[in-house]
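The values are calculated or read from the model by the stated rules, or taken from the named source; none is laboratory data. Values in this document were obtained by computation on a predicted structure and should not be read as measured data. Cβ: placed from backbone, ideal geometry, glycine included. Neighbour counts: every protein chain shown. Heads up: the accessible areas ignore ligands, DNA and RNA and are worked out on the full protein's heavy atoms, side chains in. Shrake-Rupley method; radii C 1.70, N 1.55, O 1.52, S 1.80 Å.
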Amino acid sequence: MSETGRGSDIRPRRLRTSPAMRRLVAQTSVEPRHLVLPVFVADGIDAPRPISSMPGVVQHTLDSLRAAADEAVAAGVGGLMLFGVPRPEDKDATGSGADDPDGILNRALRALRDDLGDSTVVMADTCLDEFTDHGHCGVLDDHGRVDNDASVERYVSMAVAQAQAGAHLLGPSGMMDGQVGAIRAGLDDAGLHDTGILAYTAKYASAFYGPFREAVGSTLQGDRRTYQQDTANRGEAMRELELDLAEGADIVMVKPAMSYLDIVRDVANVVDVPVAAYQISGEYAMITAAAERGWIDRDAAIVESVTSIRRAGASIVLTYWATELATRLL
Ligand code: PBG
């Protein structure tokens, strides 16, 4: 050090000397408003049902959902993302529970808007996979393939039902071509101009969705590789991004977060709409499982993982730890 001479003794460690100093110079923050809590609400259960691969996360009843939502809002989270879990016997080939005003998801949206009004942002997953008996995100053609345009038609109907039930933002997660534009047009035709679209722009076919499939009682056989993106592809996310923006996406999302932080950064570098990223079920499960074994420090790992997603460029982070983390940050 001294070889460089007086006045040029440059030591980056000076800015790391105390918690106060580190706080002063931190370049990324996580605030409650950045966090969105994904929640599952199930039909036909009378008590919350634990999800074994996501310890601490449950399928809610309508009542326990309302309580969890109140708690999240009190903690200051930015919003809630709802997933519906119909009774197995209510699933069918076209996912008719999805756009039924009395379907579980639409009932839950109405209940939450009644309770919460505009005090938070209520979001809905706009996808058929929870509602179809085959578990795919769309409807199938005669050859058993996912039919893009027929699926998009179903999404439009679902979107209008969700908006009418009170969702502020819709999250089309099915990765069908043209879904954002069609939903925008459908909402506008129904006079629902204020309902926004949080587009799942770059959603990758990921092994880390495993626990979610249990969470929603998925019946999927096979995989989603003909519609979700290939892990190997980076530039393709930019193509999806251009399309979603042109079709009217209000917010764009990358999912999963952890293995796709480069994509989050690529997107954040070029857009002027908010960027979201989804810390998915497998990310939650891995940290939870390792912490249960005493192999990592749970609380520190949660903060580090969410901070890294913010640092990569996401202004909004969907995380199953939203309420907990927001409470810690208050
Ligand atoms: C599909 C959907 C998935 C998730 C949210 N919406 C999974 C899938 O594509 O199978 C995953 C969320 C998570 O893993 O936490 N509608």
**Message:** List the trypsin sites (Lys or Arg not before Pro) within region 178-248 that DSSP assigns to loop and that have no more than 15 neighbouring Cβ atoms inside 10 Å.
**Reply:** R225, R234
**Asked** At 222 nm, what helix-only mean residue ellipticity would the chain give, in deg cm²/dmol to the nearest 500, using -39500 (n - 2.57) for each DSSP H run of four or more?
**Response** -11500 deg cm²/dmol
**Fill in**
Once all protein chains are kept in place, L330 shows an accessible area at probe 1.4 Å, nearest 10 Å², of 130 Å²
**Message:** Within the chain, which whole H helices from DSSP have a Cα span along their axis of at least 24 Å and a mean Kyte-Doolittle hydropathy of -1.0 or more, if any?
**Reply:** 148-165
**Complete:** Quick calc of log₁₀ I(q)/I(0), region 62-109, Debye, one scatterer on every Cα, no solvent, q values 0.25, 0.26, 0.28, 0.31 1/Å, result -0.91, -0.95, -1.03, -1.16
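Could you check how much of the accessible area of the chain is carbon and sulfur, as a whole percent, using a 1.4 Å probe? Walk me through the numbers before you get to the answer.
Numbers: 7510 of 15050 Å².
Exposed carbon and sulfur together represent 50 percent of the surface.
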**Message:** Going by amide H atoms built from the backbone, whose H comes under 5 Å of the H on L140, apart from near neighbours?
**Reply:** D147
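Would you tally the net charge around D70, using a Cβ to Cβ cut-off of less than 13 Å, leaving D70 out, and scoring K and R as +1, D and E as -1? Walk me through the numbers on the way to the answer.
Values: positive: R66; negative: D63, E71, D114, D115.
Once positives and negatives cancel, what remains is -3.
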**Gaussian network model of the chain, Cα within-10 Å springs - most flexible of H134, H60, H193** = H193
**Asked** Along the three principal axes, how long is region 157-223 when you take its alpha carbons, biggest first, rounded to the nearest angstrom?
**Response** 38, 23, 17
**Asked** Dimensions of the chain along principal axes (Cα, Å, largest first)?
**Response** 77, 42, 38
**Asked** What ranking of S315, S52 comes out by heavy-atom accessible area, probe 1.4 Å, highest first?
**Response** S52, S315
**Item:** Spherically averaged projected area in nm², based on the convex hull that wraps the Cα atoms of region 109-213
**Value:** 7.5 nm²
**Request:** Give the Cα extents of region 221-330 along the principal axes, in whole Å, largest first.
**Result:** 45, 38, 21
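Sorted by average packing, counted as other Cβ atoms within 10 angstrom per residue and highest first, what order do 296-304, 253-261 take? Mind showing how you got there, number by number?
Working: 296-304: 15.1, 253-261: 23.3.
Highest mean packing first, the order is 253-261, 296-304.
In what sequence, highest mean first, do 137-145, 275-283, 90-98 appear when ranked by Cβ atoms within 10 angstrom? Before the final figure, lay out the partial values.
Values: 137-145: 14.9, 275-283: 25.4, 90-98: 20.3.
For the peptides 137-145, 275-283, 90-98, the packing ranking is 275-283, 90-98, 137-145.
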**Prompt:** Which percent, to the nearest 5, of DSSP beta bridges fully inside the chain are antiparallel?
**Reply:** 10 percent
**³J(HN,Hα), Karplus 6.51/-1.76/1.60, whole Hz, each residue of region 21-31, x for Gly, Pro** = 5, 5, 5, 4, 9, 4, 8, 9, 10, 10, 10
**Request:** Over the chain, give the accessible area per residue in Å² for a 1.4 Å probe, as an integer.
**Result:** 46 Å²
